[in-house]
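Heads up: the structure comes next, in structure tokens.
None of the figures in this text is laboratory data; all of them are computed from the coordinates on show. The structure displayed is predicted, hence computed values, not measured ones. Heads up, the Cβs are rebuilt from the backbone with ideal geometry, glycines too, and the neighbour counts pull from every protein chain shown.
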Amino acid sequence: MAAQEKARSKGLTQSEGDVNLSPRRRSWAAHSLDARTQAMLDEDARLFLHQSLSSPCLNVIKRAQGIWIEDVQGRRYMDFHGNNVHHIGYGHPRLVEALKRQLDELPFTPRRFTDEPAIALARKLTEIAPGDLSKVLFATGGSDAIEMAIKLARIATGRFKTVSFWDSFHGAGFGASSVGGEELFRSHGIGPLLPGTEHVAPFACYRCPYGYKDRDGQPDLAVCRTTCASFVRYVLEKEGDVAAVIAEPVRAVPYLPPPGFWAEVRRACDDHGALLIFDEIPNGLGKTGRMFTAEHAGVVPDILVVGKALGGGIVPIAATIARPGLDVAGDRALGHYTHEKNPFTCRAALTTIEIIEEEGLVENAARVGAHALVRLNEMKTRHPLIGDVRGLGLLIGVELVSDRAVKTPAADAADWMVYYALDHGLSFKTTQGNILTLTPPLITTIANMDRALDIVEDGIAAIESGKADLA
Ligand SMILES: Cc1ncc(COP(=O)(O)O)c(C=O)c1O
């Protein structure tokens, strides 16, 4: 408990999302939730182990359809968070129908056997994956799929060390937490973690950890010379025996890499015999306006991991996709998961990809995301509270600052915005305390986006005019 209190007092719980035990959360609950909802939340809190960012919970949901979630009091919210599972919208009728049929045909496949949906999904993934990535393994969650990738890299290279970024998140398992870079998942009683998991400071041009000044959120490459990429090379060289570099090609915070970053890291990996593993669990399958985020970077990783939206917002499934030369562990167990070739989860994933392709959802994400960025950048010219706007497709971050010159994080304002938005029918989360993180589904229309951004702008205007009840 002492460690938990210490962590809370340092504000660490704000790394991945808004704080679930804040006074504002309590006062919002008091004015927004009726007695029945509160009783369900109390029962939930009595039954579940409490943990940061989750239980005790915010509200009780009874319906999820399209971009909407609805609470038990009948209030609807546009879900601009959705854990990034809802690319095709919740409860897509075609997916629901395919899953009902699958249940009637074949509900499960025990290990040692395979089935038609698993083979078809593997084929589909290898057809759409970048470059020559063409061998797959399935798991039930992203964390497991990341750990399969780490095991494969160890076996293939005969090395055990990794290089990843501080502030990153790759899942909650011990291996994934070890390569992750957030104190919340690594420290204060959680370790010891995997040895050999080296970390470097990430790219984050608006707040460069190496101390370089940005130019309105953009890197000044002539000055910084992509030091963040050079550092990856430096560590690979100094260690000399790193198995893999693991990273999200675009950070979900969000932060975009400076131009040339991944090309240089790819070269450094090749020069030092390390594999490159891309974690596309939240942002693969179209979120950023390309089917895979690697396509923006113009590099092909050795292993790519997808998850979350792969299950269509209904079932849990993730995939590790490797180049064929890495098929070297035939006598080892990389991920002997019970649901490895589950026909139900595989059908969900296959149908989800078909929906994304046939409904043009990647293109829609690019179009609506570009529109949102234009509007948000206009908003930035009117609202000094907005320090930085960044994003790619429907991965969007709006960083709030109380002083633009010194970039003081406006965490209280961001927290207030979460509840203001809920009161106006919009759900999103904050990251790192002061970043409004908007990750709507790929089916979001321009009209949906405009409505959400009106709510965001009205909330920001309320704060700036002193109408908001800030601490
Ligand atoms: C970048 C990234 N990697 C890995 C994971 C872990 O996925 P899962 O929760 O399915 O284990 C997440 C989940 O939020 C994520 O955002």
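Evaluated with a Cβ-only charge set (Lys, Arg +1; Asp, Glu -1), the chain carries a dipole of roughly 400 debye about its Cα centre, given to the nearest 20. Projected onto its three principal axes, the C-alpha set of region 93-358 covers 61, 40, 38 Å, listed from the longest axis down.
Give the longest segment of the chain that steers clear of trypsin sites (Lys or Arg not before Pro) in DSSP loops with at most 16 neighbouring Cβ atoms within 10 Å, not counting the sites themselves. Please report the intermediate quantities before stating the final value.
Details: sites that count: Lys10, Arg75, Arg111, Arg112, Lys213, Arg225, Arg332, Arg404, Lys407, Lys467.
The answer is 226-331.
Put in order of Cβ neighbour count within 10 Å, fewest first, the listed residues Asp132, Asp144 become Asp132, Asp144. Region 236-262 and region 111-143 have Cα centres separated by 25 Å.
Which of the DSSP-defined H helices in the chain satisfy a minimum axial length of 15 Å, computed from C-alpha atoms, and a minimum mean Kyte-Doolittle hydropathy of -0.5? Could the numbers behind the result be given before it?
Working: long enough: 35-47 (18 Å, -0.68); 93-105 (18 Å, -0.85); 116-128 (18 Å, 0.33); 142-157 (22 Å, 0.57); 227-239 (18 Å, 0.08); 261-272 (17 Å, -0.88); 343-358 (22 Å, 0.47); 361-382 (31 Å, -0.12); 411-423 (19 Å, 0.24); 446-464 (26 Å, 0.48).
Span-like helices here: 116-128, 142-157, 227-239, 343-358, 361-382, 411-423, 446-464.
Sparse packing (at most 15 other Cβ atoms within 10 Å of the Cβ) combined with a DSSP loop state is found for the following chymotrypsin sites (Phe, Trp or Tyr not before Pro) in region 34-84: Phe48.
The order of Cys224, Cys346, going from fewest to most other C-beta atoms within 10 Å of their C-beta, is Cys224, Cys346.
Treating r as the C-beta distance of Ala370 and Phe108 and R0 as 35 Å, the FRET efficiency rounds to 0.25.
Run lengths n ≥ 4 of DSSP H only: what is the helix-derived mean residue ellipticity at 222 nm for the chain, with -39500 (n - 2.57) per run over all residues, to the nearest 500? The partial results should precede the final answer.
On the way: 16 runs with 186 residues, N = 471.
After summing the helix terms and dividing by the residues of the chain, the value is -12000 deg cm²/dmol.
For the chain, the pair-distance distribution built from all alpha carbon pairs, in bins 10 Å wide starting at 0, is 4, 20, 30, 29, 14, 3, 0 percent. Computed on region 93-358, with alpha-carbon pairs under 8 angstrom and 6+ residues apart, the relative contact order is 30 percent. When the chain is described by a simple charge dipole with +1 on each Lys and Arg Cβ and -1 on each Asp and Glu Cβ, the residue from Tyr206, Gln102, Ala370 located farthest towards its positive end is Tyr206.
Taking loop as defined by DSSP and a crowding limit of 15 other beta carbons within 10 Å, which chymotrypsin sites (Phe, Trp or Tyr not before Pro) in region 198-281 fit? Working shown, then result.
Values: sites: Phe203, Tyr206, Tyr210, Tyr212, Phe231, Tyr234, Tyr255, Phe261, Trp262, Phe278; in loops: Phe203, Tyr210, Tyr212.
Passing both the DSSP loop test and the Cβ count: Tyr210.
Cβ crowding within 10 Å ranks Leu184, Leu103 as Leu103, Leu184, fewest other Cβ atoms first.
Between region 396-464 and region 180-204, the alpha-carbon centres lie 28 Å apart. Summing Lys, Arg as +1 and Asp, Glu as -1, what charge do residues with Cβ under 13 Å from the Cβ of Ile460 carry, Ile460 excluded? Computed value for this residue: -2. Residues whose amide H lies under 5 Å from that of Ser402, counting only those 5 or more places away or on a different chain, are Thr408, Ala410; hydrogens are built 1.01 Å from N in the peptide plane.
When the charge dipole of region 93-358 is built from unit charges on Cβ atoms (+1 for Lys and Arg, -1 for Asp and Glu) and taken about the Cα centre, the candidate among Gly142, Ile303, Ala322 whose Cα reaches farthest toward its positive end is Gly142.
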